[in-house]
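Structure first, commentary second.
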Amino acid sequence: MKKTLYYYIIPILFLSSCNFISRHSDGAVAEVDGYVLYQVDLDAITSSAISPEDSSSRAREFIKQWATDILVYNEAKKLNSERIEMLVEDYRRSLYIYEYEQNLVNKHMSQDVHDSTINLFYEQTKQQYILQDHIFKGILLVLPHATPQLDQLKKWLNTLNEDDMEKIEKYAYQYASGYELFNDNWVTANQILLRLPIQTDILKTSLRQNATIQVDDSLSTYILHVTDKRFAGEVMPLEYAKPEITKWILSQKQVNFLQEERNKVYENAVRFNKLKIYK
């Protein structure tokens, strides 16, 4: 219904911007059925960056479309308008209701979702939350070729205690041209592949067998160490699924909240005799 409605409403909005008058005025470039198009309307679709020929062609096409919309609209107005008015009124009612309910939600519905609610929902439905991509936590360093102490760096990465992290950060500051720490956040394989010159299947195979991989290209040496990993087809970890779960819970909460508000409106109408039902 909305698509049909927009089909009729958009031309009306468009025509209103073209300034309906009964005679020509300065700056007018075209007129049809009493509607006038002004130069200022054309200025919005032309540019000094294009040639005069292209600008003229674009203006002529715009005028043709503008005039055609008006002519078709005026022909359409000859039809019985009862159905159009009904659609417009139905859309108006829906729009008012939507704005009213959104205002209620924004003012009176809490957006908080307790972790216990999320955890319970996850345990009951986690088989529905399946990864479409591999995800990882870890560290990525981009180093110039022949950077010293690579073996020592890998030892620090493999133990990765607090002291080792401090050493790695100092090492990265001294040698790395790129350093990314995503030890506390999941990143997808696609995000890693934007930074690492390796194919997806090789990345997956390598990380199934090793926590640390090294990749070289003509410019740099890349050291990727993962501290946690999940592969496509596996169940999402809770923290990764949490935003999606929260969104779904809030959506259902909103449905229930608005239904309760609708029931209140109805009950008040009955209580105060605003509603009369004729049997």
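General observations
- Residue match in the stretch 211-224 (condition: within 29 Å of the chain's Cα centre (by Cα), under 10 Å from residue 140 (Cα atoms) and of a type outside the set (D, E, K, R)): no
- Taken together, the residues in the stretch 222-248 that are closer than 16 Å to residue 179 by Cβ and surrounded by fewer than 17 Cβ atoms within 10 Å (Cβ to Cβ) amount to 1.
- Within the stretch 113-154, being out of contact with any Lys or Arg (no Cβ under 7 Å at 6 or more places or on another chain), within 20 Å of residue 220 (Cα to Cα) and not in a loop (DSSP other than H, G, I, E, B) holds for 138, 139, 141, 142, 143, 144, 150, 151, 152, 153, 154.
- Residues of the stretch 168-200 satisfying the condition of being in contact with a Leu (Cβ under 6 Å, 6 or more places away or on another chain), in a strand (DSSP E or B) and not charged (D, E, K, R): 179
- Residues satisfying the stated conditions in the stretch 233-279, i.e. in a helix (DSSP H, G or I) and among the hydroxyl-bearing types (Ser, Thr, Tyr): 240, 246, 251, 266
- Listed by first and then second residue, the pairs linking a residue in the stretch 98-115 that is touching a residue at least 60 places away in the same chain (Cβ under 8 Å) and over 18 Å from residue 264 (Cβ atoms) to a residue that is of a type in the set (A, V, I, L, M) and in a helix (DSSP H, G or I), with Cβ atoms under 6 Å apart and 6 or more places separating them unless they lie on different chains, are 113/249.
- The residues of the stretch 160-185 that are surrounded by 11 or more Cβ atoms within 10 Å (Cβ to Cβ), without any contact (Cβ under 8 Å) to a residue 12 or more places away in the chain and more than 20 Å from residue 144 (Cβ to Cβ), listed by number, are 164, 165, 166.
- If only residues of the stretch 249-279 that are surrounded by 11 or more Cβ atoms within 10 Å (Cβ to Cβ) and in contact with a helix residue (DSSP H, G or I) (Cβ under 8 Å, 6 or more places away or on another chain) are counted, the one that is farthest from residue 155 (Cα to Cα) is 275.
- Residue match in the stretch 71-80 (condition: charged (D, E, K, R), part of a helix (DSSP H, G or I), loosely packed, with under 13 Cβ neighbours inside 10 Å and out of contact with any Asp or Glu (no Cβ under 6 Å at 6 or more places or on another chain)): yes
- Residues of the stretch 81-100 satisfying the condition of being within 30 Å of residue 32 (Cβ to Cβ) and either touching a Ser or Thr at 6+ places or on another chain (Cβ under 6 Å) or part of a helix (DSSP H, G or I) (or both): 82, 83, 84, 85, 86, 87, 88, 89, 91, 92
- Answer from 250, 258 - the residue that is of a type in the set (A, V, I, L, M, F, W, C), in contact with an Asp or Glu (Cβ under 6 Å, 6 or more places away or on another chain) and outside the structural domain of residue 140 (by TED's automatic domain parsing): 258
- Scanning the stretch 201-232 for residues being touching a residue at least 60 places away in the same chain (Cβ under 8 Å) and assigned to a helix (DSSP H, G or I) gives a total of 3.
The values are calculated or read from the model by the stated rules, or taken from the named source; none is laboratory data. If you're wondering where the values come from, they're calculated on a predicted model, not measured in any experiment. As a convention, Cβ positions derive from the backbone with ideal geometry for all residues, glycine included, and neighbour counts pool all protein chains shown.
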